[in-house]
Amino acid sequence: MRDYRAIADAVAADIAAGALRPGDQLPPQRRFARQRGIAVSTAARVYGELVRRGLAVGETGRGTFIRAGRPKPEAALAEPAAATVDLELNFPMLPGQPELIAASLGPLLRPDLLAQGLGPSVVTGGARTRAEAVPVLARGGWSPDPAHLLFTGNGRQAIAAAIAALVPPGERLGVEALTYPVVKGIASRLGVTLVPLEVDEHGIVPDLPPRLRAVYLQPAVHNPLGVTMPDSRRAELVEAARARDLPLIDDGINGFLRPEVAPLAALAPERTVVLDSLSKRLAPGLTLGFVVAPPALRERLTAAVRSGGWAAAQFPLAAATRLMGDGTVAKIESAKRDDAAARQELVRSRLAGFAVSADPRAYHCWWRLPEPWRAETFVAAAARRGIAVTPAAAFAVTPGRAPTAVRLALSAPPADVLATALGTLAELARSSPEDTGME
């Protein structure tokens, strides 16, 4: 029996030599097996290896295609795109925002106040920080008990701490079938197995499989699908979690865009860990992570933050306390909600007629591409026009099971640049890969 890895090496060499180009479809596995004189089961392992290496991607119901390029490391979507127009990263920065922040933080440079911010990390923060965080995190009539708050350096560290606390190595964490890419990397490093959960237009289908230790989800302004879970689905999911005695990890990173929508903790405070951060509200370079820990889970979460080295440093705590306390965070949040809504109007105008879905106040949208486009081919064609977009494969928990779709992040370019880029993408989608030289 031939080694499937050697056959995958040969296909990889064809890709490197240009014999197989981005967007090319590999033959069905039975035909590939006949061509190579191997068993169908070996062909399946070859295709799986190509997907694992990031050289190919499977699109549900369509087949396996050569990727547009080698994927980024597991810290996906963490570096600015090299393209002229970045529709990959979603860290909104508004005009005048640096000036607002500078005015708020100026007094921190006084030696007496600076000395307070140069002390050691404190997982629980101080009384004032906890008090100022409560109205910032409050949504939809729910607000956290300040005694339940823990602080991490950023939102990703909050996610890592929650998973480490609730899911032992080798155990299973349920996540949406399309999820925040960083969660995949965190789970891999912690030795946690991700179990993709079916998602429909309302969010996770609450038919939870057995042997899960927890569920991670984004019920408000889901990334990448843009779904905000309605009340009825939230209630069904909470009942399913109670029936299996499962903790819920509610990542509310985009929740500030829908302040009227409460986190799952409003329905299940005894089992819901609420995560949040200031990275979207303010900026990725000036952030703080929040963990709202139910009393029964607080000790485990506190230990995870400490042992992982994820506790927030004192200076970011001091900075965040001032920004939350003097209203700067609230002012910027309000402006970003208006900005996101205006950008969604551009999407509706420039991509009219396409299968685009999004929360009307989200900073991103989900685009199911028309035939005959494949996600990887479209990404490559957009890159040739100086526009970086993200294929569905970046979010897929199961390799090779990505829909033919892309996510567009809307926050980075100025509004006029975004409008032009959306028009360019619409024109591209109305053409065919052959017309653009991507056959």
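The values are calculated or read from the model by the stated rules, or taken from the named source; none is laboratory data. Here the structure is a predicted model, which is why all the values come from computation and not from measurement. Heads up, the Cβs are rebuilt from the backbone with ideal geometry, glycines too, and the neighbour counts pull from every protein chain shown. The area values use the complete protein model at the heavy-atom level, side chains included, leaving out ligands, DNA and RNA. Shrake-Rupley method; radii C 1.70, N 1.55, O 1.52, S 1.80 Å.
Assuming R0 = 41 Å, what is the FRET efficiency of residue 41 and residue 368, from their Cβ-Cβ distance, to the nearest 0.05?
On the way: r = 32 Å, r/R0 = 0.78.
Using R0 = 41 Å, I get an efficiency of 0.80.
Among the DSSP beta bridges whose two residues both lie in region 168-223, what percent are antiparallel, rounded to the nearest 5?
Around 20 percent antiparallel, to the nearest 5.
Quick check for me: using +1 on Lys/Arg Cβ and -1 on Asp/Glu Cβ, what's the dipole size of region 289-439 about its Cα centre, in debye to the nearest 20?
Once rounded to the nearest 20, the dipole reads 480 debye.
So how exposed is residue 118, as accessible area in Å² (1.4 Å probe, rounded to 10)?
120
Name the shape class, rounded, prolate or oblate, that the alpha-carbon gyration tensor gives for the chain, where a ≥ b ≥ c are the square roots of its eigenvalues, rounded holds for a/c under 1.5, and otherwise prolate holds if a/b is larger than b/c and oblate otherwise. Before the final figure, lay out the partial values.
Details: a/c = 1.92, a/b = 1.47, b/c = 1.30.
Taking the square roots of the gyration eigenvalues as a ≥ b ≥ c, the chain is prolate.
Can you give me the angle between helix 295-307 and the longest principal axis of the chain, using Cα atoms only, in degrees from 0 to 90, rounded to the nearest 10?
Roughly 70 degrees, rounded to the nearest 10.
With unit charges on the beta carbons (Lys and Arg positive, Asp and Glu negative) and the dipole taken about the Cα centre of the chain, which residue among 136, 209, 431 sits farthest to the positive side?
Value computed over the given set: 209.
For region 153-267, what is the accessible area per residue in Å², given a 1.4 Å probe and the full set of protein chains?
On the way: 3920 Å² over 115 residues.
Value returned for region 153-267: 34 Å² of accessible area per residue.
For the pair residue 426/residue 52, report the inter-label distance in nm, with labels modelled 7 Å from Cα in the Cβ direction.
4.4
In terms of modelled amide H atoms, which long-range or inter-chain residues lie less than 5 Å from the amide H of residue 228?
221, 222
Suppose every K and R has +1 on its Cβ and every D and E has -1 on its Cβ; what is the size of the dipole of region 221-263 about the Cα centre, in Debye to the nearest 20? Present the calculation step by step, with values, prior to reporting the outcome.
Details: 5 positive and 7 negative charges, 12 e Å.
Computed charge dipole of region 221-263: roughly 60 debye.
Which part of region 309-324 falls in the paramagnetic zone of residue 189, meaning amide N under 13 Å from the point 7 Å along Cα-to-beta-carbon?
Once the point is set 7 Å along Cα→Cβ of residue 189, 309-311 turn out to lie under 13 Å by backbone N, inside region 309-324.
Report, in debye and to the nearest 20, how large the dipole of the chain comes out about its Cα centre when Lys and Arg carry +1 and Asp and Glu carry -1 on their Cβ.
Numbers: 50 positive and 43 negative charges, 203 e Å.
Taking the Cα centre of the chain as origin, the dipole is about 980 debye.
For residue 232, what charge total do you get from the other residues with a beta carbon under 14 Å from its beta carbon, if Lys and Arg give +1 and Asp and Glu give -1?
That sum, taken over residues with Cβ under 14 Å, equals -3.
Mind ranking 47, 180 by accessible surface for me, highest first, 1.4 Å probe? Kindly include the intermediate steps, with their values, before the conclusion.
Working: 47 10, 180 40 Å².
Putting 47, 180 in descending order of accessible area: 180, 47.
Using the Karplus curve 6.51 cos²θ - 1.76 cosθ + 1.60 with θ = phi - 60°, what ³J(HN,Hα) values do you get for each residue of region 320-330, in whole Hz, with x for Gly and Pro?
5, 4, 5, 5, 6, x, 8, x, 4, 4, 4
Heavy atoms of the protein only, probe of 1.4 Å, neighbouring chains included. What is the accessible area of residue 354 in Å², nearest 10?
Roll a 1.4 Å probe over it and residue 354 shows about 40 Å².
Rounded to the nearest 500, what is the 222 nm mean residue ellipticity of the chain from helices alone, with -39500 (n - 2.57) per DSSP H run of 4+ residues and division by all residues?
-12000 deg cm²/dmol
Express as a percent, rounded to the nearest 5, the fraction of DSSP beta bridges in the chain (both residues included) that run antiparallel. Numbers along the way, then the final one.
Working: 29 of 48 bridges.
Bridges in the chain are about 60 percent antiparallel.
Suppose each label sits 7 Å from its Cα in the direction of the beta carbon; what would the residue 31-residue 93 distance come out to in nanometres?
So the two model labels end up 4.8 nm from each other.
Output wanted: per-residue J couplings in Hz (rounded whole) for region 253-264, from phi through Karplus 6.51 cos²θ - 1.76 cosθ + 1.60, θ = phi - 60°, x for Gly and Pro.
Karplus values, whole Hz, x for Gly and Pro: 4, 9, x, 5, 6, 10, x, 7, 9, 6, x, 5.
If I fit a long axis through the Cα atoms of helix 127-137 and take the longest principal axis of the Cα atoms of the chain, what angle between them do I get, 0 to 90°, rounded to 10?
50
Accessible area per residue, 1.4 Å probe, Å², for region 342-439: what's the number? Intermediate results must be reported in sequence, preceding the final value.
Numbers: 3630 Å² over 98 residues.
Averaged over the residues of region 342-439, the accessible area is 37 Å².
Once the Cα atoms of helix 155-166 and of the chain are each reduced to a long axis, what angle between those two axes, in degrees from 0 to 90 to the nearest 10, is obtained?
90
Of 316, 391, 109, whose Cα points farthest to the positive end of the dipole of the chain (charges on the beta-carbon: +1 Lys, Arg; -1 Asp, Glu; origin at the Cα centre)?
Towards the positive end, the residue furthest out is 391.
For region 366-439, rounded, prolate or oblate, judged on the Cα gyration tensor with a ≥ b ≥ c (square roots of eigenvalues), a/c < 1.5 rounded, else prolate if a/b > b/c?
Values: a/c = 2.10, a/b = 1.19, b/c = 1.77.
Taking the square roots of the gyration eigenvalues as a ≥ b ≥ c, region 366-439 is oblate.
Most mobile of 222, 364, 202 per a Gaussian network model of the chain (Cα springs, under 10 Å)?
Of the options given, 202 has the highest mean-square fluctuation.
Which residues' amide hydrogens lie under 5 Å from the amide hydrogen of residue 290, considering only partners 5 or more residues apart or on another chain, with H built in the peptide plane?
Distant-sequence amide H within range of residue 290: 152, 276, 277.
Within region 168-298, what percent of beta bridges assigned by DSSP are antiparallel, to the nearest 5?
DSSP beta bridges in region 168-298 are roughly 30 percent antiparallel.
For the chain, which whole-number percentage of the solvent-accessible area (1.4 Å probe, protein heavy atoms only) is attributable to carbon and sulfur atoms?
Working: 9670 of 18090 Å².
Carbon-and-sulfur percentage of accessible area, whole number: 53.
Let me check I've understood the local charge: for residue 57, count other residues with C-beta under 9 angstrom from its C-beta, Lys and Arg +1, Asp and Glu -1. What total comes out?
Here the charged neighbours net out to 0.
Rounded if a/c is under 1.5, else prolate if a/b is larger than b/c, else oblate: which is region 117-236, with a ≥ b ≥ c the root eigenvalues of its Cα gyration tensor?
Details: a/c = 2.24, a/b = 1.36, b/c = 1.65.
Cα axes put region 117-236 in the oblate bin.
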